[in-house]
Amino acid sequence: MHILGKEGQGAEIFKQSMEWERAALFAFYVGMMDRQLTKALTFTQHRKQFGKSLIKHQAVGHRIANMKLRLEQSRLLLYKACWSIDQGELSPIHVNLSKLSVSESAIQSSLDAIHLFGGEGYKTDQEMESMLRDAIPATLFSGTSEIQRDLIVNALCLN
Ligand SMILES: Cc1cc2nc3c(=O)[nH]c(=O)nc-3n(C[C@H](O)[C@H](O)[C@H](O)COP(=O)(O)OP(=O)(O)OC[C@H]3O[C@@H](n4cnc5c(N)ncnc54)[C@H](O)[C@@H]3O)c2cc1C
């Protein structure tokens with residue numbers, strides 16, 4: 001019989017694998033948000049409506065600022081999660097905070113990006129709509145957002 005670890009260790013091995021997955025796998029979405037922001041910035045600087053670049057309209061600029069905020073907070077939380085795993089920290093709270101922030105930010109920023117591109121953003125020959133489709137399952141796999149929030153509260157109650 002082939003066995004990973006020792007008998008009875010399954011739950012602990014699974015927990016550690018999930019911590020790694022919830023941190024490392026979600027780095028993809030930070031890269032996606034970075035690319036999305038660059039593309040949205042370029043588009044809104046070049047497209048003109050009502051005599052000025054889209055980005056000069058305050059409501060448009062604020063949406064870009066929110067995308068930047070989500071990107072940077074997700075990136076920092078991801079770095080902290082990876083650092084805590086590297087340090088051998090037992091509490092996975094930083095991993096749960098990172099997974100929650102990255103996944104929910106990826107969906108919100110994908111919706112913002114489509115909105116900024118207007119009708120163009122909805123077309124399948126643009127990357128924006130496929131980024132949204134990629135983002136949507138992020139709050140489901142590796143444990144839903146509700147599970148991440150449960151784990152965060154549990155970790156806080158243990159301290
Ligand atoms: C793209 C994709 C890839 C996946 N890859 C894998 C994989 O590689 N390996 C694997 O094992 N699984 C994988 N999954 C499955 C994924 O882990 C589950 O879909 C996810 O855990 C939700 O479980 P469920 O679909 O049974 O939904 P349910 O558990 O039925 O949940 C439905 C809804 O109810 C909520 N809910 C359920 N229980 C509670 C609760 N106690 N409190 C509050 N809310 C609750 C959920 O958060 C969710 O919003 C993948 C899913 C997707 C979409």
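The values are calculated or read from the model by the stated rules, or taken from the named source; none is laboratory data. None of these values were measured; they are calculated from a predicted model. Here the Cβ positions follow ideal geometry from the backbone for every residue, glycine too, while neighbour counts run over all protein chains shown.
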Kindly indicate which of Ser145, Ser110 is within 16 Å of the ligand (Cβ to nearest atom), polar (S, T, N, Q) and either exposed (fewer than 14 other Cβ atoms within 10 Å of the Cβ) or within 24 Å of Ser53 (Cα to Cα) (or both).
-> Ser110
Checking Ser98, Ser103 in turn, the sole residue that is hydroxyl-bearing (Ser, Thr, Tyr) and within 16 Å of the ligand (Cβ to nearest atom) turns out to be Ser103
Within the stretch 24-53, track down each residue that is surrounded by 13 or more Cβ atoms within 10 Å (Cβ to Cβ), within 16 Å of Glu120 (Cα to Cα) and among the polar types (S, T, N, Q).
-> Gln36, Thr44, Gln45
Single condition Thr44 does not satisfy, out of (1) touching a strand residue (DSSP E or B) at 6+ places or on another chain (Cβ under 9 Å); (2) among the polar types (S, T, N, Q); (3) closer than 26 Å to Asn154 by Cα | (3)
Kindly indicate whether Arg133 is surrounded by fewer than 20 Cβ atoms within 10 Å (Cβ to Cβ) and either among the polar types (S, T, N, Q) or under 21 Å from Leu25 (Cα atoms) (or both).
-> yes
Write out, first by first residue and then by second, each pair whose Cβ atoms fall under 6 Å of each other, whose residues are 6+ apart or on separate chains, and whose first residue, in the stretch 131-159, is closer than 14 Å to Glu21 by Cβ while the second is near the ligand (Cβ under 10 Å from one of its atoms).
-> Ser142/Glu21
Filter the stretch 84-107 for residues that are modelled with pLDDT of 95 or more and of a type in the set (A, V, I, L, M, F, W, C); which is surrounded by the fewest Cβ atoms within 10 Å (Cβ to Cβ)?
-> Ile107
The residue that is farthest from Met131 (Cα to Cα), considering only those in the stretch 54-65 that are among the small types (Gly, Ala, Ser) and either under 21 Å from the mean Cα position of the chain (by Cα) or surrounded by 12 or more Cβ atoms within 10 Å (Cβ to Cβ) (or both), is Gly61
At least 2 residues that are over 18 Å from the mean Cα position of the chain (by Cα) in each: list the helices (runs of 4 or more DSSP H) lying fully within the stretch 80-159 that qualify.
-> 93-117, 119-122, 145-158
